[in-house]
Amino acid sequence: MTGGEERDKVAKEAHAYTPGLKIKEKMKTRKVRRLPIPGKVLVNLGDRVDFLTPVAETMVPGEPTVINAAALLGIERGTLMDYMQVKEADKIKEGERLAGFNAFFGLWKNWVTSPIDGYVETVSPVSGQIIVREEPTPVTIHSYISGEVVKILENEGAVIETEAAFVQGIFGIGGEAHGELKVISNDPDERIKANNITDDCKGKIIVGGSLFEREALHKAVEIGVKGIVTGGIIDVDLEDLLGYEIGVAITGEEEIGTTIIVTEGFGAMTMNLRTLELMKKFEGEMAAINGATQIRAGVLRPEIIVPHSRRVEIAADYELASGMKPGTRVRIIRKPYFGALGTVVSLPVELKFVESESSVRVIEVELENGDRVIVPRANVEIIET
Amino acid sequence: MTQTRMPLEDMEYILATDVGSTTTKARFFKKLDDNEWHYIVSGETPTTVEAPYEDVTMGVKNAVKEVEELTGHKILDEQGEGIMVPFDGEKGVDLYCTTSSAGGGLQMMVTGVIKRMTGESANRAALGAGAIVMEVFATNDKKPPYRKIQQIRSLRPDMILMAGGTDGGTVDHVVSMAELIKAADPKPRLGTMYNLPIVYAGNREASRLMMNILGKEFALNCIENIRPLLEVENTEPARRAIHELFMEHVMSHAPGYDRLMKWTDVDIMPTPAGEGMAMQLIADRTNKNVLGVGLGGATTNVYSIFDGRFVRSVSANLGMSYSICNVLKEAGIKNIIRWLPLDLEEYDVRNRLRNKMIRPTTIPQTLEELVIEQAVAREALRLGLEHHKTIATTLHGARGEVAFLRGITTQAVAETYLDMMKIPIIAGTGGLLSHAPRRVQSMMILNDAFQPEGVTMMFQDSVFMMPHLGVVSTVHPEAAWQVFDRDCLVRLGSIIAPRGKVEADETVMEVELEMQDGETIRHSLRGGEVVRADLPERGKGEASIRPGKEFDIGAGKGRELSVTVEGGVVGIILDARGRPFSLPEEKSQRQAKIREWIKSLKMYPENVLDEGRRS
């Protein structure tokens, strides 16, 4: 093999196709609910749980506070022990004296007091520091989805399982939430405006449109919408809402009160019809959503989970994600055909030049309007149904 | 030099892999009949560090299987559970080694007493060892202790490097930092079943106290002081200790690494450390200063070997796919748009970059998209070099120390010792540079971002294999260099660019270039002009360069320089835009200028210059 052929080979391998986002009407969904540190599990194997059932709880050590006692008292560090009023492990109250002295018959006083309720962790005659720590605080994790406990993780938590409709978004903001699904637009191209957000959206997960305009985003947050699911979002509107610019797509910790899931991308993006249809079918049901997104190795996409409250029959068999072949339904995810849906016609083996002059592995796609186009394989994703 | 199972002179086959965050890349080398080492073939498969596989050796085996299929040469043992070493006349290889950055590479936190002194030294040592430094804490930084504790706790590093105090100097500041770390009780990233490793490289007199404070809950390793004297920086023992602990305490807990460690002949090396060794190899072999860069999807690594001093910086959030929007954030949209020959709206470019961020494996199909990504690359590299210059600085010395101890906060201003005029070689690696459809594109991306001065030879990695050759060079430098020189380094050509600001429409330089075939070409360049002349790879030309009176090509202002220049796949670029150069502020003037350069250098097909193009 020549160097040139070899480079081609590398190019082929380096640009494998993007696995598609899941849009499933019926899927066995499992969620691992785990404490950050060991604690007590509150559920039993086989228990039925709701969205907010406590699964496990623990006590997280309190925050430590460092007090530079020797410097505050104006004494040598090595003599700190002589001035201590408390010792390591003693419980203390806010304002309680930790160390200090009275001199000149009480005319000159110098005391270091505790800024918190808690206990004394360390007294150091080397650094002259006292470290006090708050009492541990309880942390509880909830089930997040409704379903059945199928596994107990000893001292850590449990695994919850349910049959559910499962939809992945491409990007999200905010953490776990749950609420009733409400579709606010049947038109996947509609730009959602503030007047589309009515008071009855409060506490619900609202779905629709190619975009939520800036005012609509603000209104949804204001009235207490639990979640937004929409096709696209404008980059600067997101910045405006958060108050800062996102650099790397690692999200989920934002605290705006409303979880946002974008299904297609940035800009006005027609919502995938299958996603919209699925959301309509389950309108009125309770759903769990999580905007947490991590785009790096071990990608994490935001999700919408609608546990089935009744038996759901689906017409077609599951199509397993088995790679692309002629007939596979795909979506193009980069210009110039961004967002277009189509069917794979052929997968040429040889590398082809595209307009940018890059020699890449390509795929021939027949779009829904009947046009046939050539796009890099890296620029399509399989539609998993 | 590492002990190998086969004497170096008898070796015939070498296999090297790099276990990257997303792809595991195998490179296969062979000594051919000419008694020289050659690159033969590659295998690339997805890395299998994450669920559901959670065993990196699966990805390595798959990549090696590809090599086997392509060459017919058997490398994996009969059970497929390891690499056969040595070559037995039919199958196996004589040397197997690997680098790794899977799971985000080696992530470290470093501490010092004074941020600009021991903090900086510790930072340089950790970076030089191939780590991503998540945070530098120092006794004299402005953060209150509770903030430090919160941060230390949330960072979850793989390892901590602690420095502080010269030998015989401050003890209490070092101890107070240790107490903070103990109070924060940080947990290692790869699980809670082992103690977090800490390398202590501070005042030797504090070692016993450090052991008392940290010895029980952490895997503490006390080594030589990184700053035994204010004027001396001794990073090598820290770098070695980091590599040892990386193997013992970090890699051994990553999924499958316990097995992979048994396969390799030498320790697994962090990928950037391998890349850095490759850059070092260029400097060693050419005996010249080198500036190198690895422009990746998530990070940008910059390396300099300047007057024998090796420094690496990593800009952990500057990259071309995962981190593309961090470049947008750091550089600002205006700085990206300024490189575009096209009239595109800010919001449009911003949304396009966001879409690349959320679908990082997509590639530009249209020219417009390619031009945008290459504009971002210029900014990522520019920022990466700026960051590097803050690390490649002279040692901050006694004045700052005395000031600190007296409670005065003044500090000496950092001065980088890097002088672009004294860097005759620039080398680049990474997907965007390697995959640029025209080599002149990658050469100009490096030129615009780094603005080399004088006469500078430009190289780029052909097929990503610098880390592989870096780790091979620790065992078999001759083999590594032979492959490196022949198969890895693409000679792009030379850039001739005088230092001096272009103020008016003036002659910046006159160049006479005598080619090997005797042909002589002459160019007189006015301010803002860029010209390309052909000179093939490994070809040489004799250049006489007469700079204008306010310009310096390396011999002093206005003084002529005669020098041998090397050619490359692009040739020679004569750059009379001045150093530093700035683009016209006014949009239409700027775009016209960029279109002029594109045309002169044949950077893109002509139709990208059409105004009003849209994709």
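Using the Cβ of residue B:246 as centre and a radius below 10 Å, the other residues enclosed give a net charge of -4, where K and R count +1 and D and E count -1. Cross-link reach is defined here as a Cα-Cα straight distance under 22 Å, omitting same-chain residues fewer than 8 places apart; for residue B:549 the lysines meeting it are B:422, B:501, B:557. Working note: Karplus 6.51/-1.76/1.60 with θ = phi - 60° gives segment B:368-383 the couplings 4, 5, 5, 4, 5, 5, 6, 5, 4, 4, 4, 6, 4, 5, 4, 5 Hz, where Gly and Pro are set to x.
The simple Förster model, with R0 at 25 Å and r as the Cβ-Cβ distance, assigns residue B:534 and residue B:607 a FRET efficiency of 0.60. For chain A, the Kirkwood radius over C-alpha pairs fed into Stokes-Einstein at 25 °C and 0.890 mPa s yields D = 98 µm² per second. Going from the isolated chain to the complete set of protein chains, segment A:50-75 loses at least 30 Å² of heavy-atom accessible area (1.4 Å probe) at A:63, A:64, A:66. Rounded to a whole number, what is D in µm²/s for segment A:207-352 from Stokes-Einstein with the Kirkwood radius over alpha-carbon pairs (25 °C, 0.890 mPa s)? Answer from the Stokes-Einstein relation: 140 µm²/s. In segment A:85-235, what percent of the accessible surface is made up of carbon and sulfur (1.4 Å probe, ligands and nucleic acids excluded)? Answer for segment A:85-235 is 48 percent, counting heavy atoms of protein chains only. Evaluated at q = 0.18 Å⁻¹, a Debye calculation over the C-alpha positions of segment B:1-43 (equal weights, vacuum) places log10 I(q)/I(0) at -0.63. The protection proxy used here, the mean number of other Cβ atoms lying within 10 Å of each residue, ranks peptides B:36-45, B:385-394 as follows, highest first: B:36-45, B:385-394. The residues of segment B:31-51 occluded by other protein chains by 50 Å² or more of accessible area, set against the chain on its own, are B:44; surface from heavy atoms, 1.4 Å probe.
So if the hydrodynamic radius of segment B:73-225 is defined as the Kirkwood radius over C-alpha pairs, what does Stokes-Einstein give as its diffusion coefficient at 20 °C and 1.002 mPa s, in µm² per second?
After rounding, the answer is 125 µm²/s.
Give me the 1.4 Å probe accessible area per residue for segment A:322-385, excluding ligands and nucleic acids, in Å².
Numbers: 2640 Å² over 64 residues.
Per-residue value: 41 Å².
For segment A:102-111, just list the computed ³J(HN,Hα) in residue order, Karplus coefficients 6.51, -1.76 and 1.60, θ = phi - 60°, integers in Hz, with x standing in for Gly and Pro. Per-residue couplings from phi come out as 10, 9, 6, 6, x, 6, 10, 10, 8, 10 Hz. Max-minus-min Cα coordinates of segment B:265-391 on each principal axis give 48, 32, 24 Å, with the largest extent listed first.
Across segment B:558-573, computed HN-Hα scalar couplings (Karplus, 6.51 cos²θ - 1.76 cosθ + 1.60, θ = phi - 60°) run x, 9, 6, 10, 10, 8, 8, 10, 9, x, x, 5, 8, x, 10, 10 Hz from first to last residue, x flagging Gly and Pro.
For segment B:165-247, applying the loop criterion from DSSP together with a ceiling of 10 other beta carbons within 10 Å to the trypsin sites (Lys or Arg not before Pro) yields B:216. What segment A:74-120 shows is 68 Å² of accessible area per residue, with the surface traced by a 1.4 Å probe over protein heavy atoms.
Which of the peptides A:159-165, B:439-445 is most tightly packed, and how do the rest follow, judged by the mean count of other Cβ atoms within 10 Å per residue?
On the way: A:159-165: 21.6, B:439-445: 24.6.
So the order, starting with the most tightly packed, is B:439-445, A:159-165.
Summarising the amide proton neighbourhood of residue A:63: residues at separation of 5 or more, or on other chains, whose placed amide H is nearer than 5 Å comprise A:134.
For residue B:522, the shell of other residues with beta-carbons less than 12 Å away shows a net charge of -3, using +1 for Lys and Arg and -1 for Asp and Glu. Between residue B:526 and residue B:232, the modelled label-to-label distance comes to 5.9 nm, taking each label 7 Å out from Cα in the direction of the beta carbon.
Straight Cα distances below 21 angstrom link residue A:281 to the lysines A:22, A:24, A:26, A:28, A:182, A:202, A:204, A:226, with same-chain residues fewer than 8 positions distant left out. If r is the Cβ-Cβ distance from residue B:334 to residue B:33 and R0 is 56 Å, what FRET efficiency results, to the nearest 0.05? Plugging the Cβ-Cβ distance into 1/(1 + (r/R0)^6) gives 0.45.
Write down Rg/Rh for segment B:441-509, rounded to two decimals, with Rg from the C-alpha atoms and Rh from the Kirkwood relation over Cα pairs.
On the way: Rg = 16.7 Å, Rh = 14.3 Å.
Using only Cα positions, Rg/Rh for segment B:441-509 is 1.16.
Legend: calculated FRET efficiency, residue A:239 to residue B:248, from the Cβ-Cβ distance at R0 = 51 Å, rounded to 0.05, equals 0.70.
Between beta-carbons, use under 12 Å as the cut-off and find the net charge around residue A:123, counting Lys and Arg +1, Asp and Glu -1. Write out the running numbers ahead of the final one.
Numbers: positive: A:77, A:87; negative: A:82, A:88, A:90, A:121, B:179.
For residues surrounding residue A:123, the net value is -3.
Distant-in-sequence amide contacts of residue B:200, defined by a placed amide H-H separation under 5 Å and a gap of 5 or more residues or a different chain, comprise B:162, B:221, B:222, B:223. Long hydrophobic helices in chain A: none of the complete DSSP H runs spans 30 Å or more by Cα along its own axis with mean Kyte-Doolittle hydropathy of at least 0.5.
Here's the list of lysines a cross-link from residue B:25 could span, going by alpha-carbon distance under 20 Å and ignoring same-chain residues fewer than 8 apart: A:9, A:12, B:61, B:65, B:74, B:262.
Contact order normalised by length for chain B, with contacts defined as Cα pairs under 8 Å and 6 or more residues apart; what percent is it? Walk me through the numbers on the way to the answer.
Details: 1377 pairs, mean separation 67.7, N = 615.
After rounding, I find 11 percent.
Taking GluC sites (Glu not before Pro) across segment B:310-379, the ones in a DSSP loop with at most 15 further Cβ atoms lying within 10 angstrom of their Cβ are B:345. The A and B chains share an interface that buries close to 5300 Å² of accessible area, total over both sides, probe 1.4 Å.
Shown for segment B:41-179: the carbon plus sulfur share of the solvent-accessible area, taken with all protein chains present and a 1.4 angstrom probe, equals 50%.
Between A:127, A:359, A:143, the Gaussian network model of chain A with springs among Cα atoms under 10 angstrom shows the greatest mean-square fluctuation at A:127.
Expressed per residue, the C-alpha convex hull volume of segment B:235-334 stands at 142 Å³. Distance between the 7 Å Cα→Cβ label points at residue A:199 and residue A:59: 4.6 nm.
Calculate for chain A the 222 nm mean residue ellipticity that helices alone would give, adding -39,500 (n - 2.57) per DSSP H run of length 4 or more and normalising by residue count, nearest 500 deg cm²/dmol.
Numbers: 6 runs with 48 residues, N = 385.
Helix-only estimate at 222 nm: -3500 deg cm²/dmol.
Per residue, the convex hull spanned by the Cα atoms of the protein assembly as shown amounts to 199 cubic angstrom.
In segment B:462-529, which GluC sites (Glu not before Pro) fall in coil by DSSP and have 11 or fewer other Cβ atoms within 10 Å? Before the final figure, lay out each step's value.
Details: sites: B:478, B:503, B:506, B:510, B:512, B:514, B:519, B:529; in loops: B:503, B:506, B:519.
Passing sites in segment B:462-529 are B:503, B:519.
Projection of the Cα convex hull of segment A:111-268, averaged over all directions and equal to a quarter of that hull's surface, yields 15.1 nm².
Roughly what % of Cα-Cα distances in segment B:311-355 sit above 11 Å, to the whole percent? Distances greater than 11 Å cover 68 percent of the Cα pairs. Over chain B, accessible surface divided per residue gives 37 Å², non-protein components excluded, 1.4 Å probe.
Which shape class, rounded, prolate or oblate, goes with segment B:128-185 when its Cα gyration tensor gives a ≥ b ≥ c as root eigenvalues, a/c under 1.5 marks rounded, and past that a/b bigger than b/c marks prolate?
Numbers: a/c = 1.84, a/b = 1.16, b/c = 1.58.
Oblate, since a/c reaches 1.5 and b/c is not below a/b.
Give me the base-10 log of I(q)/I(0) for chain B at each q in 0.07, 0.09, 0.11 Å⁻¹, Debye formula, one uniform scatterer per Cα, rounded to two decimals. At q = 0.07, 0.09, 0.11 Å⁻¹ the computed log10 ratios are -0.47, -0.78, -1.13.
Counting only chymotrypsin sites (Phe, Trp or Tyr not before Pro) that DSSP places in a loop and that have at most 16 other Cβ atoms within 10 Å, the longest clean stretch of chain A runs over A:106-243.
Return the ratio Rg/(2.2 N^0.38 Å) for segment B:485-615, where Rg is computed over Cα atoms only.
Working: Rg = 16.0 Å, N = 131, 2.2 N^0.38 = 14.0 Å.
Ratio of Cα Rg to 2.2 N^0.38 Å: 1.14.
The values are calculated or read from the model by the stated rules, or taken from the named source; none is laboratory data. Only a predicted model underlies this, so the values are computations on that prediction, with no experimental measurement involved. Using ideal geometry, Cβ is built from the backbone for each residue, glycine included, and neighbour counts are taken over all protein chains shown. The area values use the complete protein model at the heavy-atom level, side chains included, leaving out ligands, DNA and RNA. Shrake-Rupley method; radii C 1.70, N 1.55, O 1.52, S 1.80 Å.
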